[in-house]
Amino acid sequence: MTAQSAPVAARPLGEPIRGQGYWRQGFARFRRNPLGVTFATVVLFLALLALAAPLVSRYVTHIDPTQQDLTVIFGPLGTKGHLLGTDELGRDVFTRLIWGSRVSLGVGFLTVTLYLLIGGTVGLVAGFYGGIVGELLMRLVDTILAIPVIFLLILVTSVLPIHIGPLHIEHDAVSISIVIAITSWGGVARLVRAEVLSIKSREFITATRSIGATGTRIIVRHLLPNVLPVIIVTGSLGLGQIILVEAALDFIGLGVRPPTPTWGNMLFNSQSYFYHSTSLVTLPGLCILVAVLAANIVGNAVRDAFDPRLR
Amino acid sequence: MASDFESKSKQLGAAEWNRRDFIKRVGGGGAGLVLGAGLFEFLMACATSTSQTPTNLTPKRGGHLVEGAASDLGSGMNPVVNNVTFDAHVQRLMFASLVTNTANGDLIPDLASALPKISSDGMTYTFTLRDGLKWSDGHPLTAEDAVFTFQTIFAPEYKTINSPYRSDLSSFLDSVSAPDPKTVVFKLKRPQVSFTAIYGRQMLVPKHILGSVSAQEFNSGSFNRGPSVTSGLFKFVEWVPGSRITLARNDNYWAGPTLLDGYVYKVVANESLKVQQLQTGEMDFGRITTGSTVAAIKAIPTVDVFSYETANGVAYVHQLDPAKPISKIFSDKQVRKALYTALDLKGMNQVYLGYGKVADTNWPYLSWAHNPAPKVKYTYDPQKAGQMLDAAGWVKGANGVRAKSGQEMRWELLTSASSKEWQNAAQVMQQNWKAIGVEITVKALEFGQLNQVTIRDRNFEMSMAGAWFVANLDPDASNTWHSKNAGKGGGNAAPYINPAVDSLLDQAAQVSDQSKRKPLYAQIQDILMDDLPTPPMVLQPGFFAVNKRIHGMGPNEIGYFTASSPRPFMNKVWVSSGS
Amino acid sequence: MLALFVARRILVSIGILFGVTIITFSLLHATAGSLVPGLDLSTTLPEDVARIRHNLGLDLPLHIQYLNWIGGVVHGDFGRSLIDGGPVLEHITSRLPDTLQLTVTAMVLGIVISLPLGAIGAIRRGSVLDQLLTLLSVLGVSVPSFWLGLLMIMLFSVTFNSWGLPWLPSSGNQNAIGGGSIEDRIEHLIMPATCLAFTYIAIWSRFTRSSMLEVLNQDYIRTARAKGMRESRVILVHAFRNAVFPLITLVGLELPGLVSGAVIVEIVFSWPGIGRLLLERAFQDDYTMVLGLTTFAAILVLAGNLFADILYAILDPRVRLS
């Protein structure tokens, strides 16, 4: 394995070797995990489907997700023109499920990216600089973590819509991603800070400082690459959980709201109609299950392959 | 989530009498609220039911009635400080008022022994109470309780009491007094024709319990969460917030104790859970809002489903403000008539699975002011509609859309995102008009937003929001069609300016004799059906489901069970088996 | 010194609690607009709305309202509900037991089922059964609990009843009339508790398995076997006992979940706990209640953390000095 571009000083004891070799090795390990690879393909497939939803509407089903047809409400599976049936307003279930994946996966990825960015930054800054800044930042984290997540989510989403300057936070996918990200970055910040503290104490950092590297440079060039694996693993483990949380919020009416179809709010609607159609209940739930399952398995595989703490 | 108001009035059916009347008096001030929560629901003795209850069983004492309701209390049980519709239903089971109403909308005496004597100048109302009235704890109920109740609403020294009707009542009530324990005298500052109908039905609160408590205690004390003393059919037993409200029979009720031992409201989260609990017997009675649920309930052998007529429905308003370009299309009466002729209203009734009623005027059939013989009638005739539009100069272009002088017949119809039935009706309109060369788009907004955009901001081309069916106990509809309410925020959203209608509305509001008012309202209805500013379409049905072991919920000689006036009814409701 | 450490930690916790209250308070009131919760605005004139708002003190400047409220909290008065006027703390304490019934039952169920499942997985490591259990475990954490709950209601409340089989009630914690007996309560508890326990079982059974595997590889187990001890005794007496402790620690970490972990399940099954109380009141704009609930939950979390920190500090002197 190749050594990283270490500073001129000799490699002291305990310096983590996090060069390109680390990533290459990790990917190799990942590729050797059959479950991981299979379900990564599933996730990729769902993502592609999500992206292609408008194309599906235009060329495959020729139906919009909000298009109603009152002559064929509660159509069962296999109704003419509606492979997976129709709902209480005659909307095509298949089309809506595909469009629903846009929200579930979109919110999932966006939220994880956001909370990794926020948490990672805060953790890096707090860990590296320490002192008053570090203390205050960690107290902020403590404050957010003091409220149970679901309580905090209900609290924030129930007061929407709010407008902060040009920013409009409402019940749509991007806003909900922001809200969930704001409530979830605390754990990442703590994790990252802990990692930074442990790395900071190692001599290679002191050595780097002694040759005059500035704070930002050290953070970006040296700390970040070493902390990145932990961040990536945390994110991949969190994706499945985030998809579940978003779906749950939709289900209680506080997440993404109709007319945008999401798997969660399809269940919110169909719970009033389970006497008329069981597939309206089973199908969206199945989609959530498959997506979360795939994300969880991939997350586990990523952790097995990349988590430095397991090496 | 549907706004509180929308879901309450639609899910719970019968509603409290709407105090909108005063909004008209104060010039349409707060009138972004035309579809106010007080959509009164009249019930007819001759609506359909799915089975007849056998008449050879004799009523007996005992048993409980469990009603499944979608929401819990929205404020509390003190009838002076709360005005949420559902809460009022619960209050009506516990508190009596001077007069009340039957299902048909007639006023009948309750705590008073007769309807009030009104002085010839219409400014003094005298109510005489019955003999031997008692509160549930045995304490006598006297005129002092009435005086106390009304003082808390309008007297200056009670300003810290949170009554929502202070402004209205104090605008015309001068004084209330009790010359003797059985007489209540109201002196008004000016005649108010609707006084008995609105304030005669004000539920009374006990002076011996609340007379000397602080305002804080009155507003939010324990009485609000559990009245210790009541005057109506039932006493309060327990409220488990989020679960249920339990009431027990009040043996001191003036009309005699009911046959039921108790009444329980159970919170049942949605329609399919209502069906499930009806099926298992966990609940006995519930109001149903969706027609499609009716089919599921009919399949349950132990439950009856009744449908009844209501005073609400779907209608629409044209943008008639000459400053707005779209009004160029709608300003021509022939165009409005043609559009209306092109609507298949019987087909639209399928939105309600056929249970609704096609309207023939803007007053529902249930209102005593409904014109029984409208002079202007319409039948569904798309061909004739096309001809009328041709004659008016709106001819089909190459793309199939009618146009005149470069303006195409295209506009946006606003409907409610909270009501599937409204959305479906809008779709029917879209299809019907497409067939005659008119292209519309439908946009669904949350109910609150819809009202705001239509009534307050007047930012619409065509909208389904607005009180285009006169759903109140008093048929006065100045709020909706009088030119003085044509400004922004007023209920006359079109706006419709017609001096003839203005003068008829004014006349009818001054006269208290029903037989004199009726022909005036008939004239108004004829004019409105000719001008069609706000064409009425279909009146929607109400449904309720009841377990067969509960008898007496209707229909019988006084109509169906209604939450806003359960009194005349309750003594007829009894349980044949179970607890 | 321990006392200094404890004092510092308590002070910090209180500071965090204030932070929580300020953030929550600002969020609720700043976005409130001109609403008066509990009043039907569509039939109330603006003058009356304004008057009632004034009577409720909602038109005072925000910082005054906050100071009034926090002053009450310090004395144990969390204010009154804006909907029904009831003391917030009373609402919370009356519904907390219902939530605890649900979560404690679910946890007990979780432990009781996880232990044998995890043990089997460890003992029969690599077998088909083990693989199946692992798969079920991953499924278990991926299933949306609200979907599972809905399916359970459809099966056990509707279908079973249609088929004439004994059925389970779908909502509430007891019957509307004549309820309250132990039987009745258990009937109502079965579905929600099982639904909630699902996730716990999925996670804890895996954990038990891995901690048992660790234990089974220890020297003293090998010694016991070498001495001729029966396998079953090895498992039950030694391996099991020592694997339980890590599980207890894991369960301990779940303790905050006793209060907040059942929100979704409470909603699906209309269980009258404080999770559902939060949702109901959030929808009704009952700010004092939402504020009170959040603060209450935060107090529990912070107290729990504090307790754990102090415990560690007592056990490990190095911590006190950090």
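So for the range B:106-265, what percent of the C-alpha to C-alpha distances run longer than 27 Å? Counting every Cα pair in the range B:106-265, those more than 27 Å apart make up 28 percent. Distance between the pseudo-spin-label points of A:ARG31 and B:ASP390 (7 Å out from Cα toward the beta carbon): 7.5 nm.
Note on the range A:69-228: Rg/Rh from Cα positions, Kirkwood definition for Rh, rounded to two decimals, is 1.20.
Each pair of Cα atoms in chain C enters the Kirkwood radius, and Stokes-Einstein at 10 °C and 1.306 mPa s then converts it into a translational diffusion coefficient of 68 µm²/s. Restricting everything to alpha-carbon atoms, can you work out Rg to Rh for chain A with a Kirkwood hydrodynamic radius? Value, to two decimals: 1.06. Evaluated with a Cβ-only charge set (Lys, Arg +1; Asp, Glu -1), chain C carries a dipole of roughly 1740 debye about its Cα centre, given to the nearest 20. The ellipsoid equivalent to the alpha-carbon distribution of the range C:2-74 has semi-axes of 37, 11, 8 angstrom, derived from the gyration tensor eigenvalues as √(5λ) and listed largest first.
Binning all Cα-Cα separations of chain B at 10 Å, short to long from zero, yields these whole-percent fractions: 3, 17, 27, 25, 17, 7, 2, 0, 0. With the convex hull of the Cα atoms taken as the outline of the range C:182-252, the averaged projected area works out to 6.3 nm².
Helices in the protein assembly as shown, meaning DSSP H runs of at least 4 residues, each add -39500 (n - 2.57). Divided by all residues, the mean residue ellipticity at 222 nm is -15000 deg cm²/dmol. Ranked by the mean number of other Cβ atoms within 10 Å of their residues, highest first, the peptides C:19-25, A:144-150 come out as A:144-150, C:19-25.
Please work out the FRET efficiency for the pair C:THR93 and A:TYR59, using the Cβ-Cβ distance as r and a Förster radius of 56 Å; give the result to the nearest 0.05. The value I calculate is 0.40.
When DSSP beta bridges are restricted to pairs lying wholly in the protein assembly as shown, around 80% turn out antiparallel.
Axis angle, to the nearest 10 degrees, between helix C:274-283 and the longest C-alpha principal axis of chain C: 40 degrees. The eigenvalues of the Cα gyration tensor, multiplied by 5 and square-rooted, give the range C:1-139 an equivalent ellipsoid with semi-axes of 48, 25, 15 Å from largest to smallest.
If you bin all the Cα-Cα distances of the protein assembly as shown at 10 Å, starting from zero, the percentages per bin are 2, 8, 16, 20, 20, 15, 10, 6, 3, 1, 0, 0. Charge dipole (Cα centre; +1 on Lys/Arg Cβ, -1 on Asp/Glu Cβ; no other charges) of the range C:2-74 amounts to roughly 480 debye. Mean separation of Cα pairs under 8 Å and 6 or more residues apart, divided by the residue count, gives chain B a relative contact order of 22 percent. Size estimate for the range A:261-301 follows the Kirkwood approach: the inverse of mean 1/r over distinct Cα pairs works out to 10.9 Å. Kirkwood radius and radius of gyration were both taken over the C-alpha atoms of the range B:223-268, and their ratio Rg/Rh is 1.00.
Alpha-carbon geometry of the range C:235-275: the Rg and the Dmax are 15.6, 43 Å, given in that order.
Using R0 = 22 Å, the C-beta based FRET efficiency linking C:SER232 and C:LEU135 works out to 0.25. Averaging the sequence gap over all C-alpha pairs within less than 8 Å and six or more residues apart, then dividing by the number of residues, gives the range C:94-321 a relative contact order of 30 percent. Measure up B:LYS384/B:LYS484; B:LYS375/B:LYS434; B:LYS207/B:LYS548; B:LYS235/B:LYS420; B:LYS337/B:LYS484; B:LYS346/B:LYS516 against 32 Å on the Cα-Cα distance and list the ones that go over. Listed pairs above 32 Å: B:LYS384/B:LYS484; B:LYS207/B:LYS548; B:LYS235/B:LYS420; B:LYS346/B:LYS516. Taking chain C as a Gaussian network of alpha-carbon nodes connected by springs under 10 Å, the highest mean-square fluctuation of the residues C:VAL251, C:VAL104, C:VAL49 belongs to C:VAL49.
Peptide C:14-27 has a mean of 3 when you count, residue by residue, the C-beta atoms of other protein chains within 10 Å of its C-beta.
Residue ranges C:253-260, A:229-236, B:321-328 sort as A:229-236, C:253-260, B:321-328 when ordered by packing (mean number of other C-beta atoms within 10 Å per residue, highest first). Roughly how many nanometres apart are two label points built 7 Å out from the Cα toward the Cβ at A:LEU77 and B:ASP121? Those two pseudo-labels are separated by 7.9 nm. Between A:SER158, A:ALA50, A:LEU124, the Cα set farthest toward the positive side of the dipole of the range A:42-310 (charges on each charged residue's Cβ, about the Cα centre) is that of A:LEU124. Coordinate range of the alpha-carbon atoms in the range C:123-218 per principal axis, descending: 57, 25, 22 Å. Between A:ASP69 and B:ALA373, the FRET efficiency from the beta-carbon distance, with R0 = 51 Å, is close to 0.80. Averaged over the residues of B:157-167, the number of partner chain Cβ atoms lying within 10 Å of the residue Cβ comes to 5. For the range B:318-365, the Stokes-Einstein estimate of translational diffusion at 4 °C and a viscosity of 1.567 mPa s comes to 102 µm²/s, using the Kirkwood hydrodynamic radius over alpha-carbon pairs. Across the range A:241-311, Cα pairs under 8 Å and at least six residues apart give a relative contact order of 26 percent. How charged is the neighbourhood of B:ALA500? Take every other residue with its Cβ under 15 Å from the Cβ of B:ALA500, and add Lys/Arg as +1 and Asp/Glu as -1. Taking every Cβ under 15 Å from that of B:ALA500, the sum is -2. Please name which of B:THR149, C:ALA298, B:GLY105 has its Cα lying farthest along the dipole of the protein assembly as shown towards the positive end, using unit charges on Cβ (Lys, Arg +1; Asp, Glu -1) and the Cα centre as origin. Sorting the options by dipole projection puts first C:ALA298.
Using only the C-alpha atoms, the convex hull of the range C:184-322 corresponds to 165 Å³ per residue. As a size descriptor, the averaged projected area of the C-alpha convex hull of the range B:200-332 was calculated at 15.6 nm².
Values quoted throughout were computed directly from the atomic coordinates according to the rules given, and no laboratory measurement underlies them. In this text the structure is predicted, and so the values were computed from the model without any measurement. Positions of Cβ are backbone-derived with ideal geometry, glycine not excepted, and every protein chain shown enters the neighbour counts.
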